[in-house]
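Below is one structure, written out as structure tokens; comments come after it.
The values are calculated or read from the model by the stated rules, or taken from the named source; none is laboratory data. Values in this document were obtained by computation on a predicted structure and should not be read as measured data. Every residue, glycine as well, gets a Cβ built from its backbone with ideal geometry; the counts of neighbours run over all protein chains shown. Ligands, DNA and RNA are excluded from the accessible area calculation, which covers all protein heavy atoms including side chains. Shrake-Rupley method; radii C 1.70, N 1.55, O 1.52, S 1.80 Å.
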Amino acid sequence: MKTTRWWLVRHAPVQNPKRLVYGQSDMPADLSDEKAINTLARQLPASATWVTSHLSRTQDTARSLQRFMEADHALQAESGFAEQHFGDWELQNWNDLPKGETTRFWTDFARQHPPKGESFADVVGRVGPVFSRLNDAFAGRDIVAVIHGGTVRAILANALGLSLESALAFHVDTLGLTKLEFIDKVDEPGWRVTAVNQRF
């Protein structure tokens, strides 16, 4: 029997004083809460594969965690693990967006998408193959993935076979930790959730 453990970390808060829609825009992370980062770092395995999205807020959070662990693991950037893309709404203020478009979007957030952007269903479809590939490539190891709230929900949807609505019901805080295990039994392989959105 082989167990693969995923340590899913949502990145640190984003510096966004204008409250812009940022999705896949590269907004900087606020890494000033060193106590929270240090406490989270102490929960993570000393030896692991580290994965991030291609966005700096995940990579900077990962490096900050590693500094407190006195570790220097290579970061494998996966653009397929990026946050939901909000298309024409990126870097706009929510209050400045067309009311008809946003109303339609929020009536079915799981399936509606902004102009030239993604729905949550699109994110689940994008994240799934990346998640499966990494789970196979690093079978039996610990994988620390410093990613985004939408990506964490999409992974839960893929791992557990959840409906879009069920996956969206999970709240995922910045610097929150979600843990999954894939138990590779010959007769009955499957996923087990050991923690969701832990805060330390």
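A few comments on the model shown:
- Within the span defined as region 36-47, one or more residues are crowded, with 16+ Cβ neighbours inside 10 Å and farther than 16 Å from Ala145 by Cβ.
- Checking each residue in region 115-169 for being β-branched (Val, Ile, Thr), in a helix (DSSP H, G or I) and open to solvent by less than 10 Å² (accessible area, probe 1.4 Å) picks out Val123, Val127, Thr151, Val152, Ile155.
- Among the residues making up region 1-30, those that are of a type outside the set (S, T, N, Q), open to solvent by 40 Å² or more (accessible area, probe 1.4 Å) and without any contact (Cβ under 8 Å) to a residue 60 or more places away in the chain are Pro17, Asp26, Pro28, Asp30.
- Leading residue by the ranking (least open to solvent (accessible area, probe 1.4 Å)) among those in region 176-200 that are of a type in the set (D, E, K, R) and at pLDDT below 90: Asp184
- Qualifying residues in region 65-84 (those that are farther than 17 Å from His148 by Cα and in contact with a Lys or Arg (Cβ under 8 Å, 6 or more places away or on another chain)) - the one most open to solvent (accessible area, probe 1.4 Å): Phe68
- For region 85-114, the tally of residues that are outside any helix (DSSP H, G or I), open to solvent by 10 Å² or more (accessible area, probe 1.4 Å) and in contact with a Gly (Cβ under 8 Å, 6 or more places away or on another chain) stands at 4.
For every residue, the table says whether it meets (1) among the small types (Gly, Ala, Ser); (2) out of contact with any strand residue (DSSP E or B) (no Cβ under 8 Å at 6 or more places or on another chain).
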residue: Pro98; (1), (2): no, yes
residue: Phe109; (1), (2): no, yes
residue: Gly117; (1), (2): yes, yes
residue: Gly125; (1), (2): yes, yes
residue: Phe131; (1), (2): no, yes
residue: Gly161; (1), (2): yes, yes
residue: Ser166; (1), (2): yes, yes
residue: Leu180; (1), (2): no, no
residue: Ile183; (1), (2): no, no
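- Inter-residue pairs, beta-carbon under 6 Å, first touching a residue at least 12 places away in the same chain (Cβ under 8 Å) and more than 10 Å from Met69 (Cα to Cα) and in region 33-51, second open to solvent by 10 Å² or more (accessible area, probe 1.4 Å) and in a strand (DSSP E or B), 6+ apart: Ala48/Asp142; Trp50/Leu75; Val51/Gln76
- Count - residues of region 48-64 that are in a helix (DSSP H, G or I) and open to solvent by 10 Å² or more (accessible area, probe 1.4 Å): 4
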